[in-house]
């Protein structure tokens, strides 16, 4: 009796399918194989699906070996640039010094066009933002944390109760500068800052109750910056487009 031959794909065959699919997707996104109108009309099923995709200036398509289809649309319309920063509401201050690091959260939706970012901290009465007390370098990124160690220039005279202000600036490759609106933080006694953190933790609900006071502050900073916009001045040139990828009969593995 002849043994029944199995038709299930081997591991090597599945690996080859995955590699083929990866190559197909890269072909759509990088090579951008153009599907002319005649080719679309020759494939009515694929064309009817492609018509449901959002209208765009560019449309690219690639057939898969198993009869499936991957196509992509390119939309050159850009969304509005977003740049935001939020720091701790209060900073512990004692004997003329900030006694613990001040946390900041930064958000941007165009970080690929940013060469460097920096937070500058000023006296509250320095309304022209001319003499920073400190600067904090921030690595460009979409969602970034930063902190100020609290060091002040020699001879700086401050006291608990005063306010400081800070702005975030971003530089493009050509030297263009974007800048946020100033935000403020208040200098308070260390025990007052700790009391404020503890009150917020006690007022937390749901999963936030399991966080420490410091973790809760980080979460609040993230929530207050993500997707928000504090841009006051925008000069960095942004070029690009949005690509959407669709598929039909794409193998899972």
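Please determine whether any residue of the stretch 161-182 is touching a helix residue (DSSP H, G or I) at 6+ places or on another chain (Cβ under 8 Å) and farther than 22 Å from residue 234 by Cα.
No, every residue in the stretch 161-182 fails to be touching a helix residue (DSSP H, G or I) at 6+ places or on another chain (Cβ under 8 Å) and farther than 22 Å from residue 234 by Cα.
With respect to residue 153, is the statement that it is surrounded by fewer than 16 Cβ atoms within 10 Å (Cβ to Cβ), more than 20 Å from residue 230 (Cα to Cα) and touching a residue at least 24 places away in the same chain (Cβ under 8 Å) true?
No: the conditions fail for residue 153.
Are any residues in the stretch 175-214 modelled with pLDDT of 95 or more and within 26 Å of the chain's Cα centre (by Cα), and if so, which ones?
175, 176, 177, 178, 179, 180, 181, 182, 183, 184, 185
Quick check: is even one residue across the stretch 87-100 under 26 Å from the mean Cα position of the chain (by Cα), part of a loop (DSSP other than H, G, I, E, B) and touching a residue at least 60 places away in the same chain (Cβ under 8 Å)?
yes
Among the residues of the stretch 122-135, write down those that are part of a loop (DSSP other than H, G, I, E, B) and surrounded by 13 or more Cβ atoms within 10 Å (Cβ to Cβ).
Those that are part of a loop (DSSP other than H, G, I, E, B) and surrounded by 13 or more Cβ atoms within 10 Å (Cβ to Cβ): 124, 126, 129, 132, 133.
Within the stretch 136-172, track down each residue that is part of a loop (DSSP other than H, G, I, E, B) and under 19 Å from the mean Cα position of the chain (by Cα).
139, 140, 141, 142, 172
Would you pick out the residues in the stretch 108-121 that are surrounded by 20 or more Cβ atoms within 10 Å (Cβ to Cβ) and closer than 26 Å to residue 188 by Cβ?
Matches in the stretch 108-121: 119, 121.
Taking only the stretch 215-252 into account, find how many residues are more than 22 Å from the chain's Cα centre (by Cα) and in contact (Cβ under 8 Å) with a residue 12 or more places away in the chain.
6
If the requirement is being surrounded by 15 or more Cβ atoms within 10 Å (Cβ to Cβ), more than 29 Å from residue 115 (Cβ to Cβ) and assigned by TED's automatic domain parsing to the domain that holds residue 117, which of these qualifies: 201, 195, 209?
From the options 201, 195, 209, the qualifying one is 201.
The values are calculated or read from the model by the stated rules, or taken from the named source; none is laboratory data. Just so it is clear, the structure is predicted and the values come from calculations on it, not from any experiment. Neighbour counts run over all protein chains shown; Cβ positions are idealised from the backbone, glycine included.
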